[in-house]
Amino acid sequence: MSGSAGGEEGVSSGTAQAADAAAEPPERALMRLLSGAWVAQAIFVAAKLGIADLLRDGPWSAADLAVAAGAHAPSLHRVLRALAGVGIFAADAQGRFALTPMAEPLRSDAPGSLRAYAVMNGERWVWRSWGEIEHSVRTGRPAFEHVFGAPLFEYYAARPEAGRVSVEALRSLSAADDAAILAAYDFPAGGTVVDVGGGQGSLLAAVLAARPGLRGVLLDRPPVVEMARGRLEAAGVAGRCDLVAGDFFVAVPAGGDVYLLKKVLHDWGDEDARAILARCRAAMPGTGRLLVAEPVVPEGNLPSEAKWLDLLMLVYVGGRERTEAEHRDLLAAAGFAPGRALPTASGVGLIEALPC
Ligand code: SAH
């Protein structure tokens, strides 16, 4: 998401980036960044065609890949040649392409696979939203609505295939978050966890699998709940979990001990986010706890994926990523006492809040 075309070393730390920047003339550095969108679209098409899956057992020529993937061989060759230049796939001495460490996560069955996310990232409804970023920056309104004439979640409801692509993308991102959240937060041994906007269900499945005495409730929009069901069944926890198809602006299931909101508030502006929090507050007993899990924007000039996701939220849904201070203000305005902030090993931070 950094928009970087990537050097030979791929993603570098802030310090290394500073050193690179010192070595690279500014015009060249700028040119490299300007091709970021092209790199992302090339990764998208390789992911969509399933190239990394085809290379699982060894190198293939672009011609063979094109036959298997239903592509135009010379054009596919050009895409793979360009990607090999940034460390994704590598050509061997016979001109066949092979996996590299950065190509591995594009395999569907790789641990921590990012294939579904790479696909969603380049699909035309995302790409066309970025294409109208000027509209968002001039008006503050989501480019998505300008292009498609409806808010994102209505678009998904009308186009189940786009909704499915999004749910799968979120699932592919969730694997790293789920383990990191479980490691960072001590969920209770008993009681009920309500995952509000629980999406594809992987976090709740992981929490319930780790706490056999806990029950779960997942609230999401009707088509998403159906997709979560399979996940909870596969994890063997469906018997301890209620699925609620509903609208978190209307009602949130009452009586839970822990309410989870993961990557939900960032889809919304402050007014809507406060309304969702107020529904959670109203549903919660005085002894309940709320756990917000979101990418947290660092203060200052630090490089941060959250700052780029923030722009995706701007063009795509009209939401925003927030600093820790902004999260605390939002929670306080919705009747919560914000408490501990816990970093995790993944891209999300946790903020716990108690009703007040
Ligand atoms: N918590 C999940 C999903 C985050 S995406 C995860 O981290 O993977 C945001 C979720 O909010 C989506 O699943 C979307 O379907 C859901 N959502 C959006 N509007 C909603 C509404 N009005 N009521 C309930 N859920 C909604």
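The values are calculated or read from the model by the stated rules, or taken from the named source; none is laboratory data. Owing to the predicted nature of the structure, the values given are computational and were not obtained by experimental measurement. Note that each Cβ is placed from the backbone with ideal geometry, even for glycine, and that neighbours are counted across all protein chains shown.
Can you name every residue in region 198-222 that is surrounded by fewer than 24 Cβ atoms within 10 Å (Cβ to Cβ) and either more than 16 Å from the ligand (Cβ to nearest atom) or more than 19 Å from V292 (Cβ to Cβ) (or both)? If the condition is that a residue be surrounded by fewer than 24 Cβ atoms within 10 Å (Cβ to Cβ) and either more than 16 Å from the ligand (Cβ to nearest atom) or more than 19 Å from V292 (Cβ to Cβ) (or both), then A209, A210, R211, P212, G213, L214, R215, R221, P222 are the ones that fit.
Okay, residues lined up against (1) among the aromatic types (F, W, Y); (2) closer than 26 Å to R281 by Cα:
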site	(1), (2)
Y155	yes, no
R171	no, no
I181	no, yes
A205	no, yes
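Scanning for something within 16 Å of the ligand (Cβ to nearest atom) and among the acidic types (D, E), does region 285-295 turn up at least one residue?
yes
When the test is whether a residue is away from the ligand (no atom under 12 Å from the Cβ) and within 26 Å of I133 (Cβ to Cβ), P303 passes it. In region 130-147, of all residues being within 16 Å of the ligand (Cβ to nearest atom) and in a helix (DSSP H, G or I), the one that is nearest to V315 (Cα to Cα) corresponds to F144. Scanning region 254-273 for residues that are more than 9 Å from the ligand (Cβ to nearest atom) and surrounded by 18 or more Cβ atoms within 10 Å (Cβ to Cβ) yields G256, D257, V258, Y259, L265, A273. Within region 223-247, take every residue that is within 11 Å of the ligand (Cβ to nearest atom) and more than 20 Å from the chain's Cα centre (by Cα) and give me the one that is surrounded by the most Cβ atoms within 10 Å (Cβ to Cβ). Taking the candidates together, the pick is V244. Of the residues making up region 346-355, none is part of a loop (DSSP other than H, G, I, E, B), touching a strand residue (DSSP E or B) at 6+ places or on another chain (Cβ under 7 Å) and of a type in the set (S, T, Y). Taking the conditions exactly as written (assigned to a helix (DSSP H, G or I) and over 21 Å from A273 (Cβ atoms)), does A189 satisfy them or not? For A189, the condition - assigned to a helix (DSSP H, G or I) and over 21 Å from A273 (Cβ atoms) - is not met.
Contact map, region 327-356: residues that are farther than 21 Å from W268 by Cα paired with residues that are aromatic (F, W, Y), Cβ distance under 7 Å, separation 6+ or inter-chain. Pairs shown: L342/Y185; L354/F336; P355/F336; C356/F336. Among the numbered conditions (1) under 22 Å from G269 (Cβ atoms); (2) near the ligand (Cβ under 10 Å from one of its atoms); (3) crowded, with 21+ Cβ neighbours inside 10 Å, the only one that A169 does not meet is (1).
Of the residues contained in region 278-286, none is found to be part of a helix (DSSP H, G or I) and more than 19 Å from V217 (Cα to Cα). Taking region 155-175 on its own, how many of its residues are under 28 Å from E352 (Cβ atoms) and touching a Gly at 6+ places or on another chain (Cβ under 6 Å)? Total satisfying the criteria: 2. Residues considered: L182, L173. Of these, the only one that is assigned to a helix (DSSP H, G or I), modelled with pLDDT under 95 and out of contact with any strand residue (DSSP E or B) (no Cβ under 7 Å at 6 or more places or on another chain) is L173.
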